[in-house]
Amino acid sequence: MVRISLKNKANNGITLIALVITIIVLLILAAVSIATLTGQNGILTRANDAKTETEQAEEDELRKLTQVEAATYLKEHEYTDVSGEKVTIPAQCAVSQAEGENTLEDGLVIIDKNGNEWVWIEVPKSIYENEEYYTNGATNPTSSEDYTNIEKIMQNYATKYRGSYTDEWYSEAQHGFVSPEEYNNHKNAMLKSVYENGGFYIGKYEVGIGEDTYRNYGTDYSTEHPIDETPVIQQDKYVYNWVRCNQAQELSESLAVGGKTSSLMFGIQWDLVLAYLESKGISVADLNEDSGSWGNYSNVAFNITRGKYSTDYGANYTTVNGTYQKPESSVLLTTGATKRNSKMNIYDLAGNVWEWTLEKSTDTSLPCANRGGSLRR
């Protein structure tokens, strides 16, 4: 006869219940542990934020050291890249000491004594080799025909990116130049410089405001607002918005350093920047069709770890604390908020705010030619 022990059965039951409870407790502990490690305020997240902040602090310190060095250069000088190529550095400027900013391969960055930063845009002299202008032996362009030929060769080199605008004078209100002659003289000086030097410098960041303030005029697009704030090309600055093209040109001219000139870009220069990025492996589609993978647009989400952001088009800003996940909506960022939005060390070429150029536009409501796409002008 088989005898069933009630005691043993009870013991088995208690063991099963204890096991279930133990599993439940372990699952709860596991969930708590995962949240503690990986949550928004988790250990791993905080550790990653701390690592990012340390790296940012180190880079900022190197930039300050470069700024001090820049003040020691009283004349323009040559910089020899690791590749052996030479680039002219203006007086009162020095090559950045930060990692990834001191080679032509990565995007050569220079910093002036005031802390403003530029990136070198190479325009290879080889583009002229099989062209009639080059084979004619001209080395010092002076005639209108010379400049026309140079511009045509550059346009041919960057033909994929030529938009609907043209580098022609339209009005003083639009460009800031009082006549077509003044405009053309300015353009020819640019063409000659790019031709002879094999490139030009572009601001590393969108132009920002040197003071701890920002510009907001609601929805008043029709008024030409004053430009009283000091312009800078530096990281973590409020973008200098609410300006017309002629005002932007005036601000750009004030950023000149080392006896050189500073200006808004002509359309051909914008095209040359894109051709340069293409030569560094950036796809034509990313540059010419959809730059959402690296631009700040309303339909993309990404993280930023520094600076400030505004969800109301610049009426108010919030300081980033650790990591801020920018949603798929219109969020305006301060300059250089994330390396995601840069190519070859050039930040926010796509998105954030419009970039005015010295191209002809018949749009009388702004009136300006804009490139690059934006959330807000």
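Could you tell me which Cys residues in the chain have no other cysteine's Cβ under 4.7 Å from their own Cβ, answering none if every one has a partner?
Cys93
What does the extension gain come out to for Glu58 and Asn299, with contour length at 0.36 nm per residue minus their alpha carbon separation? If you can, show how the numbers build up before the last one.
Values: separation 241, 0.36 × 241 = 86.76 nm, distance 3.28 nm.
That pair, Glu58 and Asn299, stretches by 83.5 nm at full extension.
Calculate for the chain the 222 nm mean residue ellipticity that helices alone would give, adding -39,500 (n - 2.57) per DSSP H run of length 4 or more and normalising by residue count, nearest 500 deg cm²/dmol. Could the numbers behind the result be given before it?
Numbers: 9 runs with 128 residues, N = 377.
Rounded to the nearest 500, it is -11000 deg cm²/dmol.
Could you list the GluC sites (Glu not before Pro) in segment 199-304 that lie in coil according to DSSP, counting only those with at most 14 other Cβ atoms within 10 Å of their Cβ?
Working: sites: Glu206, Glu211, Glu224, Glu229, Glu250, Glu253, Glu278, Glu289; in loops: Glu206, Glu211, Glu224, Glu229, Glu289.
Passing both the DSSP loop test and the Cβ count: Glu211, Glu224, Glu289.
Quick one: P(r) of segment 125-371 from all Cα-Cα pairs, 10 Å bins, percents rounded to integers, in order of increasing distance.
The calculated distribution, bin by bin, is 7, 29, 35, 21, 7, 1.
Using Stokes-Einstein with the Kirkwood hydrodynamic radius over Cα pairs, what translational diffusion coefficient do you get for segment 65-121 at 20 °C and a viscosity of 1.002 mPa s, in µm²/s rounded to a whole number? Don't skip to the answer; put the middle values down first.
Numbers: Rh = 11.0 Å.
Estimated diffusion coefficient is 194 µm²/s.
Mind checking the angle between helix 6-38 and the chain's longest principal axis? C-alpha axes, 0 to 90 degrees, to the nearest 10.
20
What longest range of the chain stays clear of loop-exposed chymotrypsin sites (Phe, Trp or Tyr not before Pro) (DSSP non-H/G/I/E/B, at most 12 other C-beta within 10 angstrom)?
Working: sites that count: Tyr217, Tyr221.
Within the chain, the longest run free of exposed chymotrypsin sites (Phe, Trp or Tyr not before Pro) spans 1-216.
Mind checking which of Ala350, Ala98, Ala285 has the largest fluctuation in a GNM of the chain, springs on alpha carbons under 10 Å?
With Cα springs under 10 Å in the chain, the top fluctuation among Ala350, Ala98, Ala285 is at Ala285.
Just report the Cα centroid separation between segment 52-91 and segment 173-230, whole Å.
Segment 52-91 and segment 173-230 have Cα centres separated by 24 Å.
Taking the 0 to 90 degree range and rounding to the nearest ten, how far is the long axis of helix 144-157 tilted relative to the main principal axis of the chain, both from C-alpha atoms?
Between the helix axis and the principal axis of the chain, the angle is about 20 degrees.
One-quarter of the Cα convex hull surface for segment 296-364, in nm²? List each step's numbers first, then the result.
Numbers: hull surface 23.4 nm².
In nm², the orientation-averaged hull projection of segment 296-364 is 5.8.
Tell me which residues come under 5 Å, amide H to amide H, from Ile209 once H is placed; ignore anything under 5 positions away on its chain.
Val232, Tyr238, Tyr240
None of the figures in this text is laboratory data; all of them are computed from the coordinates on show. Nothing here was measured: the structure is a model prediction, and the numbers come from that model. No Cβ is skipped: glycine too gets one built from the backbone with ideal geometry, and neighbour counts run over all protein chains shown.
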